[in-house]
Amino acid sequence: MLYYIAIFILLIPLSILFPIKKIGKKHLKSLKGKNFIISCNHMSNMDPVMMDITFNKKHRFLAKKELYKNKFFAKCMRSLGAVEVDREHVDPASIREIFRLIKKNKRICIFPQGTRAKTIKVEEGSAKEGVALFSIRTNTPVVPMMFDRKFKIFHRTKLLIGEPIYPDMSRKKDTAYVSEFANFIIEKMNELIDTENAKIAEKKSKALEKLELKRQKRGAKQQ
């Protein structure tokens with residue numbers, strides 16, 4: 001109940017203050033009616049809430065156990081769909097809970113860095129293997145997503161959405177595959193930023209070409 005009250009109160013104000021544009025929504029069409037795991041970069045404490053508001057859907061997130069020290073805050077975290085995890089040690093109970101949620105068709109959103117980062121792209125070798133593990137063990141596709149900037153009031157943020165990534169189930173029992181698949185997911189996440197930056201650079205180049213062409217035409221007329 002607390003979750004729905006919070007979303008109802010925050011939906012319109014946050015949508016106005018921190019507008020988000022989804023890029024690549026077409027990639028979700030093939031997953032209509034199916035469950036998937038979101039793997040996204042993490043730069044702000046607002047990321048979980050803004051993800052829910054953007055898709056108008058409750059997501060389950062992993063939250064470090066240190067955030068649960070305060071009883072009231074811990075209750076709020078659980079109401080918002082967070083699953084407590086120990087980042088330093090393997091936590092069987094948390095892992096089982098994620099598996100249970102996926103099997104119940106609950107959408108999981110994981111920040112593979114495990115903590116907030118200062119950079120937009122995910123640094124190679126810095127990601128945890130949880131996303132890959134959950135995907136392989138449940139045969140659930142992963143959808144890479146990237147916020148193109150840290151949230152800033154009245155500035156539009158883009159949420160870049162990539163194509164679904166399916167685990168190779170023929171390698172399900174291959175322990176080395178978890179790490180390989182985790183790295184592959186990170187590569188696809190970073191590619192979203194590279195592709196978007198390339199598009200922006202191309203648009204700027206074309207705009208400059210048009211301005212130069214107009215300048216040349218004006219010069220020719222003056223002569």
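Along the principal axes of its C-alpha atoms, what lengths does the range 131-222 span, in descending order and rounded to whole Å?
Principal extents (largest minus smallest coordinate, Cα): 74, 32, 16 Å.
Rounded, prolate or oblate for the range 2-222? Axes are the square roots of the Cα gyration tensor eigenvalues, ordered a ≥ b ≥ c, and the cut-off for rounded is a/c under 1.5.
In terms of gyration-tensor shape, prolate.
Could you work out how far the C-alpha centroid of the range 68-95 sits from that of the range 39-55, in angstrom?
With the range 68-95 and the range 39-55 each reduced to a Cα centre, they are spaced 17 Å.
Are there chymotrypsin sites (Phe, Trp or Tyr not before Pro) in the range 109-200 that DSSP puts in a loop and that have at most 13 other Cβ atoms within 10 Å, and which ones?
F154
Can you list the lysines whose alpha carbon is less than 28 Å from that of K217, not counting same-chain residues fewer than 8 positions off?
Within the straight-line cut-off, K217 pairs with K199, K203, K204, K206.
Could you tell me which trypsin sites (Lys or Arg not before Pro) in the range 160-223 are loop residues by DSSP with no more than 10 other beta carbons within 10 angstrom of their beta carbon?
Loop-located and lightly packed - K173.
Counting other Cβ atoms within 10 Å, which GluC sites (Glu not before Pro) in the range 119-192 have at most 14 and lie in a DSSP loop?
Sparse-neighbourhood loop GluC sites (Glu not before Pro): E123, E124.
To the nearest 500 deg cm²/dmol, what mean residue ellipticity at 222 nm is calculated for the chain from DSSP H runs of n ≥ 4 alone, each contributing -39,500 (n - 2.57), summed and divided by the residues?
Only helices count here, giving -15500 deg cm²/dmol.
Values quoted throughout were computed directly from the atomic coordinates according to the rules given, and no laboratory measurement underlies them. These figures come from a predicted structure and were not determined experimentally. Every residue, glycine as well, gets a Cβ built from its backbone with ideal geometry; the counts of neighbours run over all protein chains shown.
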